[in-house]
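The values are calculated or read from the model by the stated rules, or taken from the named source; none is laboratory data. Keep in mind that this is a model prediction, so the values were computed, not measured. Here Cβ is always computed from backbone atoms with ideal geometry, including for glycine, and neighbour counts include all displayed protein chains.
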Amino acid sequence: MPSAVSVLGRLGRPVPGRLRPLSVQEVRGGARMVLCATLSWYLAVELGINSAPIAAVLPAVFTLSGIPLWAPRLGLYRLGSVLLGVGIAALALRWLPVSTLSLAVVVSAGYLASLLVRIDGVPSQQVLVSAVLVFGVPVSGYPEQRVLENLVGIAVVILVGPLLWPPDPCRLLSGRLDAYRDRLDRLLVELGRHPGRAPLGQGAGQAGGLWQQPHDLARDLDRARRALRWSVTHRRSAAALDEVGHRIRLAERTAAPLHCLTAQLRAAGGQAAAGPGDAHAWEGAGPLLDAVRHALIRALAGADPTEPIARARVIDEQGGPAGSGRHDSLLRGILLLVLDRLDDYREAHFTGR
């Protein structure tokens, strides 16, 4: 009988067998959250807002869990959401009795209002939470108290949070891009060694997450650019962030054709026994695959890809027209598409150097 751990591992993510050591960034993030939450509580108590200001602690808990440079923007969104939710509940308490039907009205109004305050396109649940909590505590002065507590917590998050061990977004994104580049390089090297087989047959699930990484990087790049407008310590990083951003966009533009390439290679590997001609055609495209890989990895590292791109063009011309096999034509077409996108990147950032 399978154990509960193995069943959970199959239903969702694998359950780790031991704790993973904390990274420096995680330790700093936890310390940042503790310090800001404690300071928010202390200030709210000293200002006489409440003897147990729970709402003052929540902004630090919810907005400092990610990159702290995003905290000012998230804090302002949270403030707007709290004001909207508290306003809905206050109006409901003024005009409606506390009842199940009134709660349904508050939740409906809170949901509609949450659509107005979106964070990265996602409706703000804080509007609903504030509306329901204030409606559920029909005590005089509680709405004002909750707003004041949130103001203290958000002020600490905006003014203090980004100053405590602020990470460099350029360095973080560059490190993640380097990790993607190294993993992509290993994958393409393996494909080049076995062009007529399916090297990903056993690890296709592991490779699946690889192609999502460029899209995640592009999303976090946009967030980092918006966050730098609020940052005093890293405002000068905008130029360096642009350079990393160009490489991230290149990774994003080439991820889809490379994903298609690996899928076709797996399909060709399964047909190699039945159609040896196709397998031979795949092997003929090996040099072009290696040349395109070298150009792409060089470009993702920030180096000039002009020379490896020219070498790949020569290899393609020497190969003549596409082979008679359907897979050979498709493979070369995908590789040439990647090469065209590399050429666009080279012309935009390395022409004239």
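Would you confirm, using the coordinates I've provided, whether A44 is farther than 17 Å from P162 by Cα and assigned by TED's automatic domain parsing to the domain that holds V147?
It is true that A44 is farther than 17 Å from P162 by Cα and assigned by TED's automatic domain parsing to the domain that holds V147.
Of the residues L128, L115, L96, which single one is assigned by TED's automatic domain parsing to the domain that holds G29, touching a residue at least 12 places away in the same chain (Cβ under 8 Å) and either in contact with a Cys (Cβ under 7 Å, 6 or more places away or on another chain) or not charged (D, E, K, R) (or both)?
Of L128, L115, L96, the one residue that is assigned by TED's automatic domain parsing to the domain that holds G29, touching a residue at least 12 places away in the same chain (Cβ under 8 Å) and either in contact with a Cys (Cβ under 7 Å, 6 or more places away or on another chain) or not charged (D, E, K, R) (or both) is L128.
Please specify each residue of the range 82-93 satisfying the condition of being closer than 16 Å to Q126 by Cα and free of Cβ contacts under 8 Å to residues at least 60 places away in the same chain.
L84, G85, G87, I88, A89, A90
For residues that are surrounded by fewer than 20 Cβ atoms within 10 Å (Cβ to Cβ) and more than 26 Å from the chain's Cα centre (by Cα), scanning just the range 152-191, find the one that is nearest to S130 (Cα to Cα).
Only one residue fits best here, namely A155.
Which one of these is surrounded by 16 or more Cβ atoms within 10 Å (Cβ to Cβ) and touching a Gly at 6+ places or on another chain (Cβ under 8 Å): A90, A71?
Testing whether each residue is surrounded by 16 or more Cβ atoms within 10 Å (Cβ to Cβ) and touching a Gly at 6+ places or on another chain (Cβ under 8 Å) leaves just A71.
Out of the residues in the range 121-132 that are surrounded by 12 or more Cβ atoms within 10 Å (Cβ to Cβ) and out of contact with any helix residue (DSSP H, G or I) (no Cβ under 6 Å at 6 or more places or on another chain), which is farthest from L58 (Cα to Cα)?
V132
Of the numbered conditions (1) under 30 Å from R298 (Cβ atoms); (2) outside any helix (DSSP H, G or I); (3) of a type in the set (A, V, I, L, M, F, W, C), V139 fails exactly one; give the number of that condition.
In the conditions (1) under 30 Å from R298 (Cβ atoms); (2) outside any helix (DSSP H, G or I); (3) of a type in the set (A, V, I, L, M, F, W, C), V139 misses (1) alone.
Hey, any hits in the range 268-283 for a residue that's of a type outside the set (G, A, S), at pLDDT 90 or above and in contact with a helix residue (DSSP H, G or I) (Cβ under 7 Å, 6 or more places away or on another chain)?
Scanning the range 268-283 turns up no residue that is of a type outside the set (G, A, S), at pLDDT 90 or above and in contact with a helix residue (DSSP H, G or I) (Cβ under 7 Å, 6 or more places away or on another chain).
Among all residue pairs at least 6 apart or on different chains, which show Cβ distances below 8 Å where the first residue, located in the range 164-187, is among the aromatic types (F, W, Y) and at pLDDT 90 or above and the second is crowded, with 17+ Cβ neighbours inside 10 Å and outside any loop (DSSP other than H, G, I, E, B)?
From the range 164-187, the pairs are Y180/Q213; Y180/P214; Y180/L217; Y180/A251; Y180/L300.
Got at least one residue in the range 246-253 being at pLDDT below 70, among the basic types (K, R) and assigned by TED's automatic domain parsing to the domain that holds D328?
No: the range 246-253 contains no residue that is at pLDDT below 70, among the basic types (K, R) and assigned by TED's automatic domain parsing to the domain that holds D328.
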